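Enquirer: Encoded as structure tokens, here's the structure I'll be asking about.
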Amino acid sequence: MNTLVALCIAPCGTGDEFAPYVAEIVKIIRASGLSNRTNSMFTEIEGEWDDVMAVVKKATQYLTDQGIRTEVIMKADIRPGYTNMMDAKVESVERILEK
């Protein structure tokens, strides 16, 4: 079942600079081999449900294994029968804007 998630994993109580932690989390996501894209607030991941959830768990555990309180914000779009939704949804909106 194809799943697209927008994911934000952040440490709590580590100060004002999250970038070093986020970079490590993004490395884990990219190493998964799943389609992904990072922007200023979220990383999108697309793939089969179990594969995506395994990556979410592994990325979250990067922080929790260090004893760091961790905040996870996730929005999921599960659309059976569709793939490549990370790009297709944006392309659909762009086509409308071009008219």
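The values are calculated or read from the model by the stated rules, or taken from the named source; none is laboratory data. Because the structure is predicted, anything quoted here is derived from the model rather than measured. Glycine also receives a Cβ, built like all others from the backbone with ideal geometry; neighbour counts cover every protein chain displayed. Remember, those area values only see protein heavy atoms, side chains included, never the ligands or the DNA or RNA. Shrake-Rupley method; radii C 1.70, N 1.55, O 1.52, S 1.80 Å.
Enquirer: Just to be sure I understand the filter: pairs with C-beta atoms under 8 Å, separated by 6 or more residues or on different chains, first member in region 67-95 and without any contact (Cβ under 8 Å) to a residue 24 or more places away in the chain, second member surrounded by 11 or more Cβ atoms within 10 Å (Cβ to Cβ) and not in a strand (DSSP E or B). Which pairs pass?
Expert: Ala88/Tyr82
Enquirer: Oh, and also: Search region 49-83 for residues being touching a Cys at 6+ places or on another chain (Cβ under 8 Å) and hydrophobic (A, V, I, L, M, F, W, C), and hand back the single one that is farthest from Ser35 (Cα to Cα).
Expert: Only one residue tops the list, namely Ile68.
Enquirer: Out of contact with any Leu (no Cβ under 7 Å at 6 or more places or on another chain), open to solvent by less than 50 Å² (accessible area, probe 1.4 Å) and of a type in the set (A, V, I, L, M, F, W, C): does that describe Ile78?
Expert: Answer is no for this residue.
Enquirer: Among the residues of region 18-28, is there at least one that is farther than 11 Å from Ala59 by Cβ, outside any helix (DSSP H, G or I) and either aliphatic (A, V, I, L, M) or open to solvent by 40 Å² or more (accessible area, probe 1.4 Å) (or both)?
Expert: Checked against the condition, which is being farther than 11 Å from Ala59 by Cβ, outside any helix (DSSP H, G or I) and either aliphatic (A, V, I, L, M) or open to solvent by 40 Å² or more (accessible area, probe 1.4 Å) (or both), region 18-28 yields at least one hit.
Enquirer: Could I ask something else about it? Among residues belonging to region 41-72 that are open to solvent by 80 Å² or more (accessible area, probe 1.4 Å) and not in a helix (DSSP H, G or I), point out the one that is nearest to Val26 (Cα to Cα).
Expert: Met41
Enquirer: Let me ask something additional. Residue by residue through region 51-99, note down the ones that are over 25 Å from Ala19 (Cβ atoms) and acidic (Asp, Glu).
Expert: Asp51, Asp77, Asp87, Glu91, Glu94, Glu98
Enquirer: When you go through (1) modelled with pLDDT under 95; (2) surrounded by 11 or more Cβ atoms within 10 Å (Cβ to Cβ) one by one for Leu4, which number turns out not to apply?
Expert: Only one criterion in (1) modelled with pLDDT under 95; (2) surrounded by 11 or more Cβ atoms within 10 Å (Cβ to Cβ) is unmet by Leu4, namely (1).
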